[in-house]
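The values are calculated or read from the model by the stated rules, or taken from the named source; none is laboratory data. The structure presented is a predicted model; accordingly, all values stated were derived computationally and were not measured. All Cβ positions, glycine included, derive from the backbone under ideal geometry; neighbour counts span all protein chains shown. The accessibility values were calculated without ligands, DNA or RNA, using every heavy atom of the protein model including side chains. Shrake-Rupley method; radii C 1.70, N 1.55, O 1.52, S 1.80 Å.
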Amino acid sequence: MNLLDLNDDTLICVLEYLSDQELDRVCDVCDRLAVLVDRFCFYKKTLDLIMTHHRNRNTQHFQRTHMDSMSYRVRWRMHENWRQGKYEEIMFFPHRTPYSSLIHLEKNWLYMTHGGQIRVHRRRSKDFLKRFPDLSYGNTRDPDITALAKIDDTIFAGTMCGTALLYDPGYCSGTNFISKKVAPVKEYLNSVDFRGAIYVTATNQTSKLWRRLEELGLVDFEIVYDLGQPFKCVKIGPDGKRLVGGRYRDNNCALKLIDVETGTIEDQNTSSHAVYHVIWRDSNTLLTANFDSTFRVHDLRTDTDVQIYEDPYDSSVYCLDYDNHYGVLCGMKYHGRVNLYDLRIPRKFVQMYYPSQMNSYGSPVYDIASDASQLFIVTDRNLRVFNFNADWAAYRDYSNVFNFDL
């Protein structure tokens with residue numbers, strides 16, 4: 001009797017005794033076994049993986065994954081590549097003069113700032129990213145864009161000279177921005193965000209809440225509150241009722257919670273004195289990147305840091321990216337390094353990623369973005385793309401670099 005003479009239910013029972021690696025090899029035997037393994041074995045195994053999970057298909061991370069038809073077996077293999085440091089690396093947009101850029105990732109597009117311009121590059125399957133932009137907003141000779149937020153088709157940006165830029169296709173002609181002076185010329189916009197009609201801008205001197213007004217086909221902003229404090233980063237919560245701000249330096253508490261309706265500012269109980277980046281994990285939980293070489297999970301209900309992850313090299317965390325489940329990527333201060341963490345594993349990192357052949361070995365990671373298969377890293381000299389759907393790539397495994405017993 002041949003194995004394939006068994007019915008599907010019996011074959012599934014047999015397959016449950018195999019390891020992940022054995023199941024991977026079974027997929028190469030025939031199409032029938034490949035379908036059964038993918039649908040009934042790898043489906044369950046990949047529900048909660050970091051970076052490649054499919055538990056919630058409505059999340060931003062899932063929807064911006066460029067690969068349309070990704071089997072559960074491919075998800076498992078890419079997860080193993082993320083975990084083991086197995087990826088193909090490609091460099092884009094090298095430039096001699098060091099400067100930082102900001103990026104926003106979508107399923108088919110990458111938005112990236114270059115000076116005072118936002119360029120839109122098409123994502124492609126063969127070479128990952130089109131080197132020449134399909135669309136550009138603004139002018140490179142305008143003041144540099146230092147803050148960026150995008151929701152749907154609306155772009156809100158801030159510049160180094162106190163000007164906020166808005167692009168809304170319903171009110172803008174072509175690719176021209178609507179500009180609004182929100183601060184004096186010498187004030188540098190550190191961060192911007194918006195949700196609905198509420199907009200927030202943060203400079204190196206103060207931060208302000210704005211309400212967007214639309215009348216007679218024109219758009220304007222009226223100030224709601226001057227918060228009176230400078231913030232390094234600001235982010236409006238999912239419900240639009242609360243705003244979190246991170247101070248660049250505060251001896252008491254660098255993390256603040258702000259009520260959008262009243263403008264009241266509340267200190268959060270965290271020992272961090274400088275917060276560089278913040279992400280709302282959900283309506284009650286924050287992820288914070290901190291100067292003190294830590295990435296923290298802060299619970300607003302108990303006002304405590306429920307999890308603290310410390311970088312083993314004592315490097316500040318500049319930026320974060322989140323897979324909307326358990327995986328968190330941290331862009332570090334030195335060597336273009338990115339750390340991967342699993343929120344189910346306390347204190348320890350899962351993997352480290354280093355761009356190769358760095359032109360400036362001291363460059364921080366200024367911004368990062370990812371989907372299930374690719375990681376985008378912005379340094380002061382270029383953009384690096386790590387492709388984890390590359391089973392042929394060499395291993396760069398740093399997961400046990402501090403395990404001296406091996």
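Only one of the listed residues (R344, R396, R301, R381) is under 23 Å from K235 (Cβ atoms), surrounded by fewer than 22 Cβ atoms within 10 Å (Cβ to Cβ) and touching a residue at least 12 places away in the same chain (Cβ under 8 Å). That residue is R301. For region 349-371, a tally of residues being open to solvent by 10 Å² or more (accessible area, probe 1.4 Å) and in contact with a Pro (Cβ under 9 Å, 6 or more places away or on another chain) returns 3.
The residues of region 310-326 that are outside any loop (DSSP other than H, G, I, E, B), open to solvent by less than 50 Å² (accessible area, probe 1.4 Å) and either more than 14 Å from V275 (Cα to Cα) or at pLDDT below 95 (or both), listed by number, are D321, Y322. Would you mind telling me which numbered condition in (1) on the phi < 0 side of the Ramachandran plot; (2) surrounded by fewer than 20 Cβ atoms within 10 Å (Cβ to Cβ); (3) of a type outside the set (G, A, S) V275 fails? Checking V275 against (1) on the phi < 0 side of the Ramachandran plot; (2) surrounded by fewer than 20 Cβ atoms within 10 Å (Cβ to Cβ); (3) of a type outside the set (G, A, S), the one that fails is (2). Being free of Cβ contacts under 8 Å to residues at least 60 places away in the same chain, hydroxyl-bearing (S, T, Y) and open to solvent by 20 Å² or more (accessible area, probe 1.4 Å) holds for only one residue in S207, S173, and it is S173. State which residue is nearest to the chain's Cα centre (by Cα) when the search covers only region 20-51 and only residues that are modelled with pLDDT of 80 or more and not in a helix (DSSP H, G or I). Restricting to residues being modelled with pLDDT of 80 or more and not in a helix (DSSP H, G or I), the top hit is M51.
Yes or no, residue by residue, for (1) assigned to a strand (DSSP E or B); (2) among the β-branched types (V, I, T); (3) modelled with pLDDT of 95 or more:
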| residue | (1), (2), (3) |
| --- | --- |
| L213 | yes, no, no |
| Q229 | no, no, no |
| E266 | yes, no, no |
| S271 | no, no, no |
| Y276 | yes, no, yes |
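Take the residues in region 211-236 that are of a type in the set (A, V, I, L, M, F, W, C) and in contact (Cβ under 8 Å) with a residue 40 or more places away in the chain; name whichever of them is farthest from T146 (Cα to Cα). Here the answer is L218.
Would you check if there is a residue in region 237-247 being under 16 Å from N204 (Cα atoms), in contact (Cβ under 8 Å) with a residue 12 or more places away in the chain and in contact with a His (Cβ under 6 Å, 6 or more places away or on another chain)? No, every residue in region 237-247 fails to be under 16 Å from N204 (Cα atoms), in contact (Cβ under 8 Å) with a residue 12 or more places away in the chain and in contact with a His (Cβ under 6 Å, 6 or more places away or on another chain).
Give the residues of region 110-126 that are in a loop (DSSP other than H, G, I, E, B) and in contact (Cβ under 8 Å) with a residue 12 or more places away in the chain, sorted by residue number.
Here is the first cut: in region 110-126, the ones in a loop (DSSP other than H, G, I, E, B) are 115-116, 125-126.
Those that are in a loop (DSSP other than H, G, I, E, B) and in contact (Cβ under 8 Å) with a residue 12 or more places away in the chain: G115, G116, S125.
Is there a residue being among the hydrophobic types (A, V, I, L, M, F, W, C) and within 21 Å of R249 (Cα to Cα) anywhere in region 171-183?
The first filter runs over region 171-183 and keeps only residues among the hydrophobic types (A, V, I, L, M, F, W, C), leaving 172, 177-178, 182-183.
If we keep only those that are within 21 Å of R249 (Cα to Cα) as well, we get 183.
Taking every residue of region 171-183 in turn, at least one turns out to be among the hydrophobic types (A, V, I, L, M, F, W, C) and within 21 Å of R249 (Cα to Cα).
I'm checking my understanding of the structure. Among residues of region 281-329 that are charged (D, E, K, R) and within 13 Å of the chain's Cα centre (by Cα), which one is nearest to G245 (Cα to Cα)? Even if it seems obvious, please write down each step before you answer.
Quick first cut of region 281-329, residues charged (D, E, K, R) only: 281-282, 292, 296, 299, 301, 303, 305, 310-311, 314, 321, 323.
Next cut, within 13 Å of the chain's Cα centre (by Cα) only: 281, 321, 323.
Values: R281: 15, D321: 17, D323: 22 Å.
Ranking the qualifying residues of region 281-329, first place goes to R281.
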